[in-house]
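Colleague: Input: one structure, supplied below.
The values are calculated or read from the model by the stated rules, or taken from the named source; none is laboratory data. Here the structure is a predicted model, which is why all the values come from computation and not from measurement. Cβ placement follows ideal geometry from the backbone for every residue including glycine, while neighbour counts extend to all protein chains displayed. Just the protein is used for accessible areas: all its heavy atoms, side chains included, with ligands, DNA and RNA removed. Shrake-Rupley method; radii C 1.70, N 1.55, O 1.52, S 1.80 Å.
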Amino acid sequence: MEKSGTQTPLSLAAAEAVRTYAATTRSALGSAESPVISYAGLWLLLASLAPAAETETDEILGLNRAAARAAALTLLEAPHPTIGAAVAGWLRPGVELTKGLPIVLDPLPDQAGLDAWADEHTRGLIKEFPLEIDAQTLLVLASALVVTPRWSEQLEQGEGGLLLLESGFQAVVETEAAGPVAVASPSSEDGISVYSVIAEEGVSADDVWRATDEVVRRIDAGEVHDRTFDAGQEDGHAWTVREVTAFGSAPSDRWRSHLPEWNAEDRHDLSSAPGVAEIARGVMAAVEEETEAVCVQKAVASYDREGFRAAAVTGMMVRAAAAAPRETTVRQIDLRFDRPHAVVAVARGGAWEGIPLFGSWVTPA
């Protein structure tokens, strides 16, 4: 995919902020091996709420409160051929706010209404909202993010059930984080690049993600090009080099990648993710009652011969906190039945009212 070249300083800053936030959050949550997660979906929700934070958000979101909010609005309002993004909020009728929030709040619907919102804003990829509301739910905030790019050319079925890519972006890149890695990305005209990156066996998932970030940065900076071979002309951990016979006007090198079809689904408790507690405190301060907050994300993704599909719904729910017991002074009266005593069973109601049904004399052991 060719870059549009229309990025503004704010969008460039937002891209860097999300990349940094993703790396920070991945490390903080230990989520390097999560089947699918959208750090961008979480960032979008937090950035939309940034003005509610009680302190500046530079160190959390990579931008201050005003810039984070502006970047989120820009992303939400910017047309894109295949990205869908939305942020919404719902308030239970009758709940009073002590201050405004930077999101339009609609009346809180029932669970089916929230499920319908998730379904609509993920193009049917997520049918159920990630949080279940109850009588204690006061406020719900959410973001939805969905991408559905199609490959420019459908991938063919190759050996061993793998998909065969003969075009697109393919390279072997030497990285600081993980050594040489293989990179493949089918061509798409939908404004999305989907890079597959593989490192040597035994390299930790954290380091593979660091290498991936490094590769993407270098591609964006024009330092790594299609058909780059940084590892020399030798076989490696995920590639082989051999001479083959070609006919016609064949290029000097013939690149092929063998990629798996896959699909994934995951659910994440993001309550401890960087920035959630700080921004949730600001949100909770807007509700008159004593409250507590949780943040959860549902994410799905699939990769096949036709394209890539992924969606995430991130929900933050503010609930009424359990009332703390009040301290007071009362008389305490203890009755002890530790000597022989009588027990009687008396009927209540109707014709039987007041009739003693059974009597017992009890002698405690």
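Colleague: Would you mind finding the one in SER27, SER48, SER34 that is of a type in the set (S, T, N, Q) and open to solvent by 60 Å² or more (accessible area, probe 1.4 Å)?
Modeller: Values: SER48 fails: open to solvent by 60 Å² or more (accessible area, probe 1.4 Å); SER34 fails: open to solvent by 60 Å² or more (accessible area, probe 1.4 Å).
Being of a type in the set (S, T, N, Q) and open to solvent by 60 Å² or more (accessible area, probe 1.4 Å) holds for just one of SER27, SER48, SER34, which is SER27.
Colleague: How about the stretch 161-186: which of its residues are over 18 Å from TRP262 (Cα atoms) and in a loop (DSSP other than H, G, I, E, B)?
Modeller: Within the stretch 161-186, the first condition is being over 18 Å from TRP262 (Cα atoms), and the residues that meet it are 166-182.
Selection gives GLU166, SER167, GLY168, GLU176, ALA177, ALA178.
Colleague: Looking at the stretch 74-87, is at least one residue more than 25 Å from VAL147 (Cα to Cα) and without any contact (Cβ under 8 Å) to a residue 60 or more places away in the chain? Give the steps one after another, and end with the answer.
Modeller: Here is the first cut: in the stretch 74-87, the ones more than 25 Å from VAL147 (Cα to Cα) are none.
No - not one qualifying residue is present in the stretch 74-87.
Colleague: Moving on. Mind listing whichever residues of the stretch 270-280 are in contact with a helix residue (DSSP H, G or I) (Cβ under 9 Å, 6 or more places away or on another chain) and surrounded by fewer than 16 Cβ atoms within 10 Å (Cβ to Cβ)?
Modeller: SER271, SER272
Colleague: Considering each of ALA17, ALA86, ALA40, ALA28 in turn, give the residue that is out of contact with any Gly (no Cβ under 6 Å at 6 or more places or on another chain) and within 30 Å of HIS225 (Cβ to Cβ).
Modeller: Details: ALA17 fails: out of contact with any Gly (no Cβ under 6 Å at 6 or more places or on another chain); ALA86 fails: within 30 Å of HIS225 (Cβ to Cβ); ALA28 fails: within 30 Å of HIS225 (Cβ to Cβ).
It is ALA40.
For every residue, the table says whether it meets (1) in a helix (DSSP H, G or I); (2) polar (S, T, N, Q); (3) more than 20 Å from the chain's Cα centre (by Cα).
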{"position": "TYR21", "(1), (2), (3)": "yes, no, no"}
{"position": "THR25", "(1), (2), (3)": "yes, yes, no"}
{"position": "ILE37", "(1), (2), (3)": "no, no, no"}
{"position": "LEU42", "(1), (2), (3)": "yes, no, no"}
{"position": "LEU45", "(1), (2), (3)": "yes, no, no"}
{"position": "PRO51", "(1), (2), (3)": "yes, no, yes"}
{"position": "GLU56", "(1), (2), (3)": "no, no, yes"}
{"position": "ALA72", "(1), (2), (3)": "yes, no, no"}
{"position": "PRO79", "(1), (2), (3)": "no, no, yes"}
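Colleague: Among the candidates ASP226, ASP220, single out the residue that is touching a Phe, Trp or Tyr at 6+ places or on another chain (Cβ under 8 Å) and surrounded by fewer than 17 Cβ atoms within 10 Å (Cβ to Cβ).
Modeller: Values: ASP220 fails: touching a Phe, Trp or Tyr at 6+ places or on another chain (Cβ under 8 Å).
Exactly one residue qualifies, and that residue is ASP226.
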